[in-house]
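Novice: This is the structure, below, for whatever I ask next.
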Amino acid sequence: MKKLFIFMFLIFMFSCKKENVINDFKIVTQFIAHNSIVDQECVFDQTTQTDAFLKDKKELEGYVWHDEIKSAEIILNEHWFLTITRGGCDHFLLSAEFRYDRKLKFEANKEYILDKIIWITSILNEDFENEVIKKCIIEDKMTFTKTENGLYGNFMDSKIYEMYTFDYETEKESTIFSISFYLN
């Protein structure tokens with residue numbers, strides 16, 4: 001249920017005009033926090049998940065951290081948005097999700113999309129296995145499985161295979177892709 005609320009929030013947030021994003025975000029964040037699983041016992045301590053890992057990243061200056069959902073929102077430019085989520089209760093998640101307000105066909109833009117993944121993992125290299133991810137992308141050691149709205153990708157390296165995933169999908173007039181690290 002929490003994932004549904006977060007997903008609804010992301011759709012809502014990125015459908016807003018740039019100048020209204022922050023105000024609208026606060027309203028939706030309050031709704032998500034009210035309906036979240038904060039009161040349950042967690043394997044991972046939610047209180048230790050802060051934005052400290054982002055503070056010295058010049059490329060991500062101007063982000064807005066939302067402690068209730070352990071997520072940072074970054075407006076990269078008028079068409080590109082980035083959401084970085086770090087936290088979890090039963091499973092730890094670190095995710096960097098790009099949203100582009102236009103459609104990108106994966107095959108025609110594969111190199112550009114995967115370059116964005118390399119870019120963000122290099123910025124967050126203390127948290128992501130950047131060198132292994134970069135090597136898998138450059139050496140074309142990824143598999144892609146079609147999903148209802150896009151693709152699901154695996155990195156074909158035994159060190160990261162079960163912990164990292166790539167997701168790509170298009171909705172109406174936008175493109176969303178992400179890299180995620182899961183630990184349970």
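Novice: In the stretch 132-159, how many are surrounded by 16 or more Cβ atoms within 10 Å (Cβ to Cβ) and either outside any strand (DSSP E or B) or of a type in the set (Phe, Trp, Tyr) (or both)?
Specialist: Adding up the residues that qualify gives 7.
Novice: Among Glu169, Glu129, Glu162, Glu97, which is the only one that is open to solvent by 80 Å² or more (accessible area, probe 1.4 Å) and among the acidic types (Asp, Glu)?
Specialist: Unique residue meeting the criteria: Glu162.
Novice: Take Glu111 and tell me if it is more than 18 Å from Glu59 (Cβ to Cβ), part of a helix (DSSP H, G or I) and of a type in the set (Asp, Glu). Give the derivation first.
Specialist: Values: more than 18 Å from Glu59 (Cβ to Cβ): yes; part of a helix (DSSP H, G or I): yes; of a type in the set (Asp, Glu): yes.
Spelling it out, Glu111 is indeed more than 18 Å from Glu59 (Cβ to Cβ), part of a helix (DSSP H, G or I) and of a type in the set (Asp, Glu).
Novice: Look at Lys141 and say whether it is among the basic types (Lys, Arg), modelled with pLDDT of 95 or more and farther than 16 Å from Trp119 by Cβ.
Specialist: yes
Novice: Now, a different point. State whether one or more residues within the stretch 67-74 are closer than 18 Å to Met163 by Cβ, open to solvent by less than 40 Å² (accessible area, probe 1.4 Å) and not aromatic (Phe, Trp, Tyr).
Specialist: No, the stretch 67-74 contains no residue that is closer than 18 Å to Met163 by Cβ, open to solvent by less than 40 Å² (accessible area, probe 1.4 Å) and not aromatic (Phe, Trp, Tyr).
Novice: Now a separate question. Check off (1) within 27 Å of Lys58 (Cα to Cα); (2) modelled with pLDDT of 95 or more for Phe106 and give me the number that stays unchecked.
Specialist: (1)
Novice: Of the numbered conditions (1) acidic (Asp, Glu); (2) free of Cβ contacts under 8 Å to residues at least 24 places away in the same chain; (3) closer than 16 Å to Phe53 by Cα, Glu111 fails exactly one; give the number of that condition.
Specialist: Single failed check for Glu111: (3).
Novice: Something else now. Could you look through the stretch 172-184, keep only residues that are buried (at least 18 other Cβ atoms within 10 Å of the Cβ) and polar (S, T, N, Q), and pick out the one that is farthest from Ile133 (Cα to Cα)?
Specialist: If we take residues in the stretch 172-184 being buried (at least 18 other Cβ atoms within 10 Å of the Cβ) and polar (S, T, N, Q), then Ser174 is farthest from Ile133 (Cα to Cα).
Novice: Another one. Test of understanding: among Ile120, Ile160, which residue is of a type outside the set (Asp, Glu), at pLDDT below 95 and within 13 Å of Leu94 (Cβ to Cβ)?
Specialist: Ile160
Novice: If you don't mind, there's one more thing I want to ask. Among the numbered conditions (1) charged (D, E, K, R); (2) modelled with pLDDT of 95 or more; (3) in a helix (DSSP H, G or I), tell me where Glu73 comes up short.
Specialist: (3)
Novice: If I ask for residues that are open to solvent by 20 Å² or more (accessible area, probe 1.4 Å) and either within 26 Å of Lys172 (Cβ to Cβ) or modelled with pLDDT of 95 or more (or both), which ones from the stretch 76-94 would you list?
Specialist: Answer for the stretch 76-94, where residues must be open to solvent by 20 Å² or more (accessible area, probe 1.4 Å) and either within 26 Å of Lys172 (Cβ to Cβ) or modelled with pLDDT of 95 or more (or both): Leu76, Asn77, Glu78, His79, Thr85, Leu93.
The values are calculated or read from the model by the stated rules, or taken from the named source; none is laboratory data. All values reported here derive from a predicted model rather than from experimental measurement. Cβ coordinates were reconstructed from backbone atoms using ideal geometry, including for glycine residues, and neighbour counts include every protein chain displayed. With ligands, DNA and RNA removed, areas are computed over all heavy atoms of the protein, side chains included. Shrake-Rupley method; radii C 1.70, N 1.55, O 1.52, S 1.80 Å.
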